[in-house]
Amino acid sequence: MTYDFHPEARLEYREAAAFYEGRRSGLGSSFTIEVEATIDRILETPERFRILEQDVRTCRTRTFPYAILYTLEQGSILIIAVMHLRRNPGYWRHRLSSPHP
């Protein structure tokens, strides 16, 4: 199984990693490793994680206050958001209807 990011999700992922790196050297790398490990867990058993709404599922990272929101596509997952858990929870909903690669 493969995965891809909605363009806005890719941007927020990069911005979060840059934010953490700016806080402390190496913390951005730790964030990236944690997000990639979370994506690996999703890829192993994508239907395991709970449905948040519609067909969007969520999987939390283990160390950082983030969740990966994704949908199941044919043979892949589409990451809709790399969401900070204290951010406005519905900010990503418009991405369900916007085009993605």
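Quick notes on this one:
- Each residue in region 5-59 was checked for being farther than 22 Å from Pro89 by Cβ and of a type in the set (S, T, N, Q), and 5 of them qualify.
- Number of residues in region 33-53 that are outside any strand (DSSP E or B), in contact (Cβ under 8 Å) with a residue 12 or more places away in the chain and open to solvent by 50 Å² or more (accessible area, probe 1.4 Å) equals 1.
- Of all residues in region 54-72 being over 23 Å from Phe19 (Cβ atoms) and either touching a residue at least 24 places away in the same chain (Cβ under 8 Å) or surrounded by 15 or more Cβ atoms within 10 Å (Cβ to Cβ) (or both), the one that is farthest from the chain's Cα centre (by Cα): Gln54
- Check on Gly22, on the phi > 0 side of the Ramachandran plot and either modelled with pLDDT of 95 or more or open to solvent by less than 80 Å² (accessible area, probe 1.4 Å) (or both): no
The values are calculated or read from the model by the stated rules, or taken from the named source; none is laboratory data. Computed from a prediction, not measured in an experiment: that's the story for all the values here. Note: ideal-geometry Cβ built from the backbone for every residue, glycine included; neighbour counts use all protein chains shown. Just the protein is used for accessible areas: all its heavy atoms, side chains included, with ligands, DNA and RNA removed. Shrake-Rupley method; radii C 1.70, N 1.55, O 1.52, S 1.80 Å.
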